[in-house]
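Enquirer: Here's a structure for you.
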Amino acid sequence: MERIKTLVFAGGQIHDFKGCGRAIREILSEREEFEITYIEEDLDVLKALDPYDLIVFYYTVGTITDAQKNGLLNWVASGKGYVGIHSAADSFRECPEYRAMVGGHFVTHPRYRQYQVSVVDPEHPITKGLDEFMVTDEQYILDYDPRVNVLCTALYRGKAMPVAWTKSWGKGRVFYLALGHDPKACQHEMFKLLLQRGALWAGTPSE
């Protein structure tokens with residue numbers, strides 16, 4: 001079996017990227033489909049993604065150069081996979097092209113609390129067979145492209161907000177998961193399952 005050459009990239013401000021990055025790497029390592037490289041902070045790796053099939057991205061705020069941005073966006077568009085976790089939707093606020101690729105961006109969040117996540121697309125490979133579940137995490141309220149395929153939602157002030165979605169970027173596949181504020185949240189069984197399934201989906205080229 002050809003393994004999915006996966007770059008787990010963690011960095012940025014605010015969040016415990018070291019703890020969350022390690023958790024993400026360990027969760028993906030449970031599946032033999034992934035061959036994992038782990039890198040922290042060095043955004044220049046985005047200019048040299050050719051060795052990989054998939055990037056799993058945990059980063060907050062920061063700035064991205066044109067060369068780094070073009071490296072990432074063109075690589076995904078060529079038919080590769082991108083998985084953005086939690087604050088990946090709050091990276092590179094001055095870069096509309098990056099936000100367009102992800103499919104949305106962070107607006108605000110209520111306090112860290114327990115809330116219910118509902119599965120709204122139970123037929124997608126990532127969410128197949130799943131139902132609603134409870135998490136204790138930081139809920140991201142997002143401004144998002146209405147064309148994304150929303151897989152999961154959670155209520156915020158009576159309105160359903162996306163928790164996970166998929167979309168395409170050129171020939172590439174994008175999966176965004178808003179869960180995973182801290183290492184404890186990353187240990188939730190549903191976070192693990194959605195991350196593993198989402199990475200498998202994004203890292204497998206569309207036919």
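Enquirer: Counting only heavy atoms of the protein chains, get the accessible area per residue of the chain (1.4 Å probe) and round it to a whole Å² value.
Expert: Accessible surface, normalised per residue, equals 45 Å².
Enquirer: Between Glu2 and Glu32, what is the spin-label point distance in nm, taking each point 7 Å from the Cα along the Cα→C-beta axis?
Expert: The modelled label-to-label distance comes out at 1.9 nm.
Enquirer: Hey, any idea what the orientation-averaged projected area of the convex hull of the stretch 1-93's Cα atoms comes to, in nm²?
Expert: Result: 5.6 nm².
Enquirer: OK, next. Excluding same-chain pairs closer than 8 in sequence, count the lysine pairs in the stretch 62-207 whose Cα atoms lie under 16 Å apart.
Expert: 5
Enquirer: Running Debye on the chain with equal point scatterers at the Cα sites and no solvent, what base-10 log of I(q)/I(0) appears at q = 0.13 Å⁻¹?
Expert: Log10 of I(q)/I(0), two decimals: -0.63.
Enquirer: Counting Lys and Arg as +1 and Asp and Glu as -1, what is the net charge of the other residues whose Cβ lies under 13 Å from the Cβ of Lys5?
Expert: The answer is -3.
Enquirer: Hey, how much of the P(r) for the stretch 117-172 falls beyond 19 Å, as a percent of Cα pairs?
Expert: 30 percent
Enquirer: A further question follows. So what is the 222 nm mean residue ellipticity for the chain from helices alone, if each DSSP H run of at least 4 adds -39500 (n - 2.57) and you divide by all residues, rounding to the nearest 500 deg cm²/dmol?
Expert: -7000 deg cm²/dmol
Enquirer: For the stretch 56-138, which trypsin sites (Lys or Arg not before Pro) are both in a DSSP coil and crowded by at most 10 other Cβ atoms within 10 Å?
Expert: Sites meeting the loop and neighbour criteria: Arg111.
Enquirer: Taking the alpha-carbon set of the stretch 139-207, what are its Rg and Dmax in Å?
Expert: Cα radius of gyration and Dmax of the stretch 139-207 are 12.8, 40 Å respectively.
Enquirer: Also: What number in nm² do you get for the stretch 107-147 if you take the convex hull of its Cα atoms and divide its surface by four?
Expert: 3.6 nm²
Enquirer: Something else about it: Take Ala160 and Ile141, extend 7 Å from each Cα along the Cα→Cβ direction, and tell me the distance between the two endpoints in nm.
Expert: Going from the Ala160 label point to the Ile141 one covers 1.9 nm.
The values are calculated or read from the model by the stated rules, or taken from the named source; none is laboratory data. Quick caveat: nothing in here was measured; it's all calculated off a predicted structure. Using ideal geometry, Cβ is built from the backbone for each residue, glycine included, and neighbour counts are taken over all protein chains shown. Ligands, DNA and RNA are stripped out before the accessible areas are found, and what is left, the full protein with its side chains, is counted by its heavy atoms. Shrake-Rupley method; radii C 1.70, N 1.55, O 1.52, S 1.80 Å.
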